[in-house]
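The structure appears below as structure tokens.
The values are calculated or read from the model by the stated rules, or taken from the named source; none is laboratory data. The structure displayed is predicted, hence computed values, not measured ones. FYI the Cβ positions are ideal-geometry reconstructions off the backbone, even for glycines, and counts take in every protein chain you see. To get the accessible areas, we keep the full protein, side chains included, count just its heavy atoms, and leave off ligands, DNA and RNA. Shrake-Rupley method; radii C 1.70, N 1.55, O 1.52, S 1.80 Å.
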Amino acid sequence: DIDECLVNNGGCDHFCRNTVGSFECSCQKGYKLLTDERTCQDIDECSFERTCDHTCINYPGSFECLCHKGYTLYGLTHCGDIDECSISNGSCDHGCLNTMGSYECVCPPGKKLHWNKKDCVDMVKCLPNAKPAPKAHLVCSKTEGIESCFLSCPSNTLFVPDSENSYTLSCGIPVQQGKAQQKRNATLPSCADSVSPPIKQKARFKIKDAKCHLQPRSKEKVKDAGKQADFDNCQVTFVNLKCDSSKKKRRGRKSPSKEVSHITAEFEVEMKSDEVSDTCNIDCVRKRMEQKLQTAIKTLRKSINKQQFYIQFSGTEYEVAQKPAKATEGHEACSAGQVLQDRKCVTCSTGTFYSGEHNQCIPCSPGTYQDTEGQLTCEPCPSNDGQGVAGARNVSECGGKFNLIIKGLGQCSAGHYSSDGFKPCRVCPVGTYQPEPGRTLCFPCGGGLVTKYEGAVSFQDCETKVHCSPGHYYNSTTHRCIRCPVGTYQPEFGQNYCITCPGNTSTDFDGSTNVTHCKNQHCGGELGDYTGYIESPNYPGDYPANVECIWNINPPPKRRILIVVPEIFLPIEDECGDVLVMRKSASPTSITTYETCQTYERPIAFTSRSRKLWIQFKSNEGNSGKGFQVPYVTYDEDYQQLIEDIVRDGRLYASENHQEILKDKKLIKALFDVLAHPQNYFKYTAQESKEMFPRSFIKLLRSKVSRFLRPYK
């Protein structure tokens with residue numbers, strides 16, 4: 001035998017293995033051998049389906065998954081939402097609300113969020129010449145016996161398109177603000193002199209044969225409306241309006257579906273001290289205002305029934321819903337906050353607002369900004385000095401003095417605070433700490449603990465009675481280290497919290513020290529009639545303990561199942577505690593096709609011994625492993641003899657090159673495509689086949705296919 005590997009490595013790029021009478025090239029992990037059976041090429045893992053949840057970066061011989069902001073990586077390739085509220089309460093002064101990819105700090109009644117979006121400060125009290133908070137205004141008119149109503153909204157109206165057929169509109173400022181309104185109205189101090197809780201009423205209206213579609217009213221109709229006489233006038237503090245459309249089936253099979261829209265409106269009316277008099281006390285005023293609001297709602301119901309209800313803000317009147325016939329007229333095909341470009345509806349970007357009057361997206365004027373897409377107004381900047389650039393996309397682009405503050409010039413540094421978060425600042429006293437700049441308070445260590453010095457920037461500066469290791473948190477009440485509960489972890493020493501696992505993941509045990517211990521419990525896979533795959537939970541990360549997965553593959557009539565196990569990682573150390581089994585049914589005595597409890601890095605292909613397959617994966621509480629991702633294909637049972645002849649031939653596995661074919665996701669997908677739908681063979685040219693598979697593999701298949709088809713020649 002000649003050892004070809006001794007001369008120029010046999011012409012192989014990476015590895016050369018001598019065989020009797022020949023030799024074989026192979027590649028490092030992350031590379032594949034080209035069809036010349038010499039050259040190694042990097043595998044672009046990012047070109048495969050489902051490689052990474054978010055962003056995939058390919059490197060020579062490897063790849064990396066990255067997650068969007070607000071998400072963290074787990075299971076090597078998956079991204080889960082970070083629960084920022086579990087990390088020191090999101091550093092919020094009061095409450096913390098986690099959202100997908102972000103979070104919000106919330107404040108109690110009577111307080112609002114500071115510009116740092118973390119601290120809660122008192123509502124600004126009214127100065128003698130301060131303007132009152134903007135309010136909504138409901139005006140109803142009557143002409144020739146037909147009522148029509150207009151809801152006039154201030155400039156800070158929030159429009160949220162929930163879907164194609166629904167939207168929400170918040171008009172004015174609620175007396176007791178929720179988190180969303182506090183965030184939106186932080187620049188607008190509530191200057192109302194309230195004497196008691198506001199009057200609240202909720203009403204639901206129905207619009208027949210119309211779809212929720214906020215659209216500018218035509219100028220001709222607005223001119224006609226100007227001739228109407230004033231009928232009723234009701235000043236409301238706040239209106240939250242939600243319009244939702246659905247199709248209602250008419251009786252009879254051939255009748256078309258009928259569009260029905262519902263408007264749910266919540267009204268708030270504030271009671272003022274100047275309305276209370278000697279002749280009418282608080283209860284009297286409340287009763288009067290309730291009656292007035294009820295009368296207005298009755299009139300509003302009549303106007304909505306006749307589709308004569310309009311909303312007015314930013315100088316434009318809008319129809320709340322439209323009949324299907326109108327939706328095809330010009331720009332009216334798009335929802336509010338969108339314009340027609342190249343026959344497509346495009347949402348107005350941040351820094352702009354939709355002008356119904358001009359039917360286009362217009363940049364926010366200097367002194368205003370808009371940080372949300374598809375809005376109908378712009379928000380006023382906090383400085384209100386009219387400075388800054390046009391088209392500001394967030395509050396930091398407002399310009400003027402506030403812009404300097406936002407950029408950090410004049411902010412209090414970490415370990416310091418002031419009443420507004422800006423200089424001059426005071427140092428955090430002993431027993432408190434502050435990790436962030438621009439704050440209005442310092443956090444106490446709790447439990448009577450002191451810090452080593454003034455100006456502390458972390459809880460780790462607090463002199464705790466015991467030093468907690470990773471996987472634990474310090475309890476300031478009992479002064480003990482507590483193990484992080486299941487579903488949380490802590491990678492650092494001396495912390496007073498545990499971080500919640502990302503997304504829908506959890507840990508196997510308590511006391512976890514790393515996000516890698518967080519595992520998805522969901523049994524993965526897609527089961528199709530022709531192709532599909534099964535996947536161990538958290539793949540390609542280690543699967544969780546004490547998990548059980550059941551899959552059922554039930555192919556269409558006259559089709560059989562072919563399965564390829566490219567590789568499987570089940571630790572054998574715990575005496576077959578983790579098992580993958582494939583059999584005809586759940587009965588332990590039914591025909592078994594495949595069963596394993598250990599790791600195999602060599603691939604194997606096999607046909608199912610039964611027409612249907614019941615597949616079970618069970619893990620115990622012992623060791624864990626990477627698990628598996630197993631693809632399958634169903635094929636016409638007429639090919640049963642040919643397929644079995646191929647998969648049972650030892651030459652399919654003897655060569656490392658052939659083994660790599662069964663591990664190559666793109667090549668397996670192409671083979672499965674042709675097996676599931678033989679006519680798709682003609683999609684691939686002879687040249688493409690030669691470039692995809694090595695000569696030895698094509699030779700093996702050709703001999704078997706020709707022998708199988710010979711009786712038909």
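Tabulated data for the structure shown
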{"read-out": "Residue in the range 635-646 that is of a type outside the set (Asp, Glu) and within 14 Å of residue 567 (Cα to Cα) present", "value": "no"}
{"read-out": "Any chance residue 534 is crowded, with 20+ Cβ neighbours inside 10 Å, assigned to a strand (DSSP E or B) and modelled with pLDDT of 95 or more", "value": "yes"}
{"read-out": "The range 481-493, residues that are at positive phi and either of a type in the set (Asp, Glu) or assigned by the TED database to the domain that holds residue 623 (or both)", "value": "none"}
{"read-out": "Identity of the residue in the range 1-43, loosely packed, with under 13 Cβ neighbours inside 10 Å and under 30 Å from residue 78 (Cβ atoms), that ends up nearest to the chain's Cα centre (by Cα)", "value": "29"}
{"read-out": "Matching residues, the range 424-447, being farther than 23 Å from residue 90 by Cβ, touching a residue at least 12 places away in the same chain (Cβ under 8 Å) and assigned to a loop (DSSP other than H, G, I, E, B)", "value": "429, 430"}
{"read-out": "Test set (1) open to solvent by 30 Å² or more (accessible area, probe 1.4 Å); (2) within 25 Å of residue 512 (Cα to Cα); (3) under 37 Å from the mean Cα position of the chain (by Cα); (4) hydrophobic (A, V, I, L, M, F, W, C) - residue 466 fails condition number", "value": "(3)"}
{"read-out": "Per-region count, the range 60-85, residues part of a helix (DSSP H, G or I) and surrounded by fewer than 17 Cβ atoms within 10 Å (Cβ to Cβ)", "value": "0"}
{"read-out": "Per-region count, the range 494-527, residues touching a helix residue (DSSP H, G or I) at 6+ places or on another chain (Cβ under 9 Å) and in the same structural domain as residue 636 (by the TED database)", "value": "0"}
{"read-out": "Residue count, the range 499-516 (criterion: of a type in the set (A, V, I, L, M, F, W, C), in a loop (DSSP other than H, G, I, E, B) and under 19 Å from residue 73 (Cβ atoms))", "value": "1"}
{"read-out": "Per-region count, the range 262-285, residues of a type outside the set (Val, Ile, Thr) and at pLDDT 85 or above", "value": "5"}
{"read-out": "Filter result (of a type outside the set (S, T, N, Q) and out of contact with any Phe, Trp or Tyr (no Cβ under 9 Å at 6 or more places or on another chain)) within the range 610-634", "value": "611, 612, 618, 622"}
{"read-out": "Breaking point among (1) in a loop (DSSP other than H, G, I, E, B); (2) surrounded by fewer than 20 Cβ atoms within 10 Å (Cβ to Cβ); (3) within 24 Å of the chain's Cα centre (by Cα), for residue 526", "value": "(1)"}
{"read-out": "Every residue from the range 265-320 that is hydroxyl-bearing (Ser, Thr, Tyr) and part of a loop (DSSP other than H, G, I, E, B)", "value": "277, 279, 314"}
{"read-out": "Residue that is surrounded by the fewest Cβ atoms within 10 Å (Cβ to Cβ) [pool: residues in the range 598-614 that are touching a residue at least 60 places away in the same chain (Cβ under 8 Å) and more than 27 Å from residue 657 (Cβ to Cβ)]", "value": "612"}
{"read-out": "Residues located in the range 287-316, provided they are open to solvent by less than 60 Å² (accessible area, probe 1.4 Å) and either of a type in the set (Gly, Ala, Ser) or closer than 21 Å to residue 135 by Cα (or both)", "value": "289, 293, 296, 297, 299, 300, 303, 309, 310, 311, 313, 316"}
